[in-house]
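S.K.: Pasting in a structure now, in structure tokens, and then I'll have a few things to ask.
Read the figures in this text as sums done on the coordinates, not as results from a lab. In this text, all values refer to a predicted model and were calculated from it rather than measured experimentally. We place every Cβ from the backbone using ideal geometry, glycine too, and count neighbours over all the protein chains shown.
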Amino acid sequence: MLIVMKKDATQVEIDQVSQSVIDQGFEAHPMPGAQCTAICVLKNKGAVDANMFSNLPGVREVIRVTKPYKLASIETHPGPTVVEIRGEKIGGNNFTVMAGPCSVETEESMFRNADKLAGMGVKFFRAGAYKPRTGPYSFQGLGEEGLRILEKVRDRTGMGIVTEVMDVETLPLVAGSADILQVGTRNMSNTSLLKQLGKINKPVLLKRGMSASLEELLLAAEYILSGGNHNVMLCERGIRTFSNHSRNTLDVAAVPALRALTHLPIIVDPSHAAGYTYMVPSLCLAGVAAGAHGLIVEAHDDAANAYSDGQQALHPEDMEKLLVQFDMIHKAVNL
């Protein structure tokens, strides 16, 4: 249920309605908006009688929310969420590109790649300090050393840092270094981690599980939102199907579907969907045309010697012409 307050409702009235919700045994989640404040009613076991709140001072209307994900639903938040990071806005009518190698490697390599990408106008550098890998003998990342290198990249270029957080134990360490915390496909259902992410004021990029439905993705986002962290972005990174011509299958239809279901920004990861460099540009363009708010792309100037996933990384110089195309298509889609 969503309690929409009048435009001129006072803070006292908002607090009184919130307290009435709590007195009924529910949880009140106020959501200030540009025009008015809405209070989302959570933790109800079934339908709530609207008459309990509709006549309270300052209340304009009470709306029943039908989706199991309340805070992530567009029903409770009809305006788009815009996540602001280091002066850059993600969501709404803005378009963002995050790019960089799969893993943090040497300081020299990271500086070289970051310098090239920053020179093209890319605002966010992505690279994994901790790497969840399918096999235990694959490169697992540089850990704390990798985080220190990423901090130096940010100091050098001014780019925001996107890196993966794998577990609750390393969350404080990663959160202290990153500007965006990436939750990988394997951790989309890690509710312990999602709950902890809800308690910190740090933007989260939540990747869709490789076998997850959109409702499951939105319910995972709900864990973070219900904890109080509203800076959540969703990422379509390809799902597992019977196809063997690509690493995963990019669900392009998920982008417009999510835009109809949620107010959260939607990012597309064409690199993990494709698995092969030659496919990545086409999938980038498809994601932009479908209405994505941004892309997260693997880029490496020496992919043959990359520590991981070099076979799906674009050369930074190939990004230049793509960035122009991204901008043109995004503007056309949002006319």
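S.K.: Quick check: the angle from helix 214-226's long axis to the longest principal axis of the chain, C-alpha only, nearest 10 degrees?
M.R.: Once rounded, one gets 70 degrees.
S.K.: Right, next: For a protection proxy built on the mean count of beta-carbon atoms within 10 angstrom, sort 98-107, 47-56 highest first, please. The partial results should precede the final answer.
M.R.: Numbers: 98-107: 24.0, 47-56: 13.3.
Per-residue mean Cβ counts within 10 Å order the peptides as 98-107, 47-56.
S.K.: Can you list the aspartates and glutamates whose alpha carbon sits under 18 Å from that of K89, skipping same-chain ones fewer than 8 residues off?
M.R.: D179, D327
S.K.: Over all directions, the average projected area of the alpha-carbon convex hull for the range 1-127 comes to how many nm²?
M.R.: Mean orientational projected area (the range 1-127, Cα hull): 10.9 nm².
S.K.: Which of the peptides 163-174, 212-223 is most tightly packed, and how do the rest follow, judged by the mean count of other Cβ atoms within 10 Å per residue?
M.R.: Working: 163-174: 18.3, 212-223: 19.8.
Packing order, densest peptide first, comes out as 212-223, 163-174.
S.K.: Provide the gained length on full extension for the span R156 to E317, in nm with one decimal, where the gain is 0.36 nm per separating residue minus the Cα-Cα distance.
M.R.: 56.0 nm
S.K.: Then there's this: Whole-Hz Karplus ³J(HN,Hα) for the range 18-31, in order, using 6.51 cos²θ - 1.76 cosθ + 1.60 and θ = phi - 60°, x for Gly and Pro?
M.R.: 4, 5, 4, 4, 5, 4, 7, x, 9, 10, 9, 10, x, 10
S.K.: Can you list the lysines whose alpha carbon is less than 21 Å from that of K45, not counting same-chain residues fewer than 8 positions off?
M.R.: By straight Cα distance, K45 reaches K67, K70, K195.
S.K.: Please name whichever of T106, S73, M188 sits farthest to the positive end of the charge dipole of the chain, dipole taken about the Cα centre and charges placed at Cβ: Lys and Arg +1, Asp and Glu -1.
M.R.: Checking the options against the dipole of the chain, the answer is S73.
S.K.: A further question follows. Express as a percent, rounded to the nearest 5, the fraction of DSSP beta bridges in the chain (both residues included) that run antiparallel. All intermediate terms of the calculation are to be shown ahead of the outcome.
M.R.: Values: 18 of 45 bridges.
Given both bridge residues lie in the chain, the antiparallel proportion sits at roughly 40 percent.
S.K.: Using a basic spin-label model with each label point 7 Å from the Cα along Cα→Cβ, how many nm lie between S282 and N44?
M.R.: 4.9
S.K.: In whole Å, how far is the Cα centre of the range 200-250 from that of the range 49-78?
M.R.: Cα centroid to Cα centroid, the span is 26 Å.
S.K.: At 20 °C and 1.002 mPa s, what whole-number value in µm²/s does Stokes-Einstein give for the translational diffusion of the chain, with Rh from the Kirkwood sum over Cα pairs?
M.R.: Values: Rh = 20.7 Å.
Approximately 103 µm²/s, per Stokes-Einstein.
S.K.: Let me ask you something else. Using a cut-off of 19 Å between alpha-carbon atoms, which aspartates and glutamates can reach K331, once sequence neighbours fewer than 8 places away in the same chain are excluded?
M.R.: E88, E320
S.K.: How big is the dipole moment of the chain about its Cα centre under a simple scheme where the beta carbon of each Lys and Arg is +1, that of each Asp and Glu is -1, and everything else is neutral? Debye, nearest 20, please.
M.R.: So the dipole magnitude of the chain works out to roughly 560 debye.
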